[in-house]
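These notes are about the structure you will find just below.
Nothing in this text is a laboratory measurement; each read-out follows from the coordinates by a stated rule. None of the values given here were measured: they were computed from a predicted structure. Here the Cβ is made from the backbone with ideal geometry for all residues, glycine too, and neighbour counts use every protein chain on show.
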């Protein structure tokens, strides 16, 4: 695929059995849920998928399932590496690419240490992509773990000019910086997908094609509406309410999202997580999730009903 649609690309969860194993049937049901709610693409094998608590075989497997289940309906991109060792990165990236995803996403914080310069980062990036199949479509992801390595507009322009990058999951959470990045990549294959709810509408109005964030695991249909109607008279109201709802990210994520999908959306999955202890999801937290859901349902009826 050489053109990627704008719109909503959820950062996917990984349903897990209570023994910690991947729930493959639950994952297939989750893919169906995303697609039924109108998303435009899927970002598999990301931090929300708990990849830092998975081995490579598991990461490949969740990517394979997602791609197979979504085939012919929406495109799928997936993070390719969590290692710092160069040769291991190449091995991981090639393994994810072999699943047939539409783009393999490079995690920005594994291209240089936190104390190394942007110049070192760009040099390492150039070296890495030179080792990869030229036919491999790429992307970049400003993942918060193990540390957040934000791309400057210069870095974004640098990767865009290679012609090989199609997807940038931006986590800077700053509208002015996003505008600068959009200017730096204008006219290239690279598209910026904002992960931050607070700046979502502003970035859409500035030309960002879409949203790829945590909250598409709760109410993707409202983000779909917003990305398609950024100049609608009610767009600012939707933005305001989405921002308030997004505060639930500071709760026990991704357990709270799995609770929402299990208890409210009735997906056949457990709340178990390798990244968080689901026993910490208190009744107060559960109540907050249910309250948020009622408010978002009412908003959807107001705007789209």
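Counting DSSP beta bridges with both partners in the chain, what percentage is antiparallel, nearest 5? Around 5 percent antiparallel, to the nearest 5. Grouping the Cα pair distances of the range 179-224 into 10 Å bins from zero gives a pair-distance distribution of 28, 52, 19, 1 percent in increasing distance order. Express the Stokes-Einstein translational diffusion coefficient of the range 205-296 in µm² s⁻¹, to the nearest whole number, given a Kirkwood radius over alpha-carbon pairs, 25 °C and a viscosity of 0.890 mPa s. My calculation gives 174 µm²/s for D. Rounded, prolate or oblate: pick one for the range 115-249, where a ≥ b ≥ c are the square roots of the eigenvalues of its C-alpha gyration tensor, a/c under 1.5 means rounded, and failing that, prolate if a/b is larger than b/c, else oblate. It is prolate, given that a/c is not under 1.5 and a/b is the larger ratio. Sorting the segments 9-21, 108-120 by their mean number of nearby beta carbons within 10 angstrom, highest to lowest, gives 9-21, 108-120.
Extension gain for residue 52-residue 173 works out to 41.3 nm (0.36 nm per residue, less the C-alpha to C-alpha distance).
Using the scaling law 2.2 N^0.38 Å as the reference, what is the normalised Cα Rg of the range 143-209? Walk me through the numbers on the way to the answer.
Numbers: Rg = 11.1 Å, N = 67, 2.2 N^0.38 = 10.9 Å.
For the range 143-209, the normalised Cα radius of gyration comes out at 1.02.
When each of the peptides 94-107, 291-304 is scored by how many other beta carbons lie within 10 Å of its residues on average, the order from highest to lowest is 94-107, 291-304. The range 225-257 and the range 134-171 have their alpha-carbon centroids 25 Å apart. Take the alpha carbon gyration tensor of the range 1-43, find the square roots of its eigenvalues, order them as a ≥ b ≥ c, and report rounded if a/c is under 1.5; if not, report prolate when a/b exceeds b/c, else oblate. Note, shape of the range 1-43 comes out prolate.
Working ranking of peptides 211-222, 231-242, 168-179, 48-59 by packing, defined as the average number of other Cβ atoms within 10 Å per residue, highest first, is 211-222, 168-179, 48-59, 231-242.
In this structure, residue 288 and residue 126 have a Cβ-Cβ separation that, at R0 = 35 Å, corresponds to a calculated FRET efficiency of about 0.15. Estimated from helices alone, the mean residue ellipticity of the chain at 222 nm is -12500 deg cm²/dmol (sum of -39500 (n - 2.57) over DSSP H runs with n ≥ 4, per residue). Under the rule a/c < 1.5 gives rounded, and otherwise a/b versus b/c splits prolate from oblate, where does the chain land using the Cα gyration tensor? Oblate. Stretched out straight at 0.36 nm per residue, the stretch from residue 302 to residue 133 would grow longer than its current Cα-Cα span by 56.0 nm.
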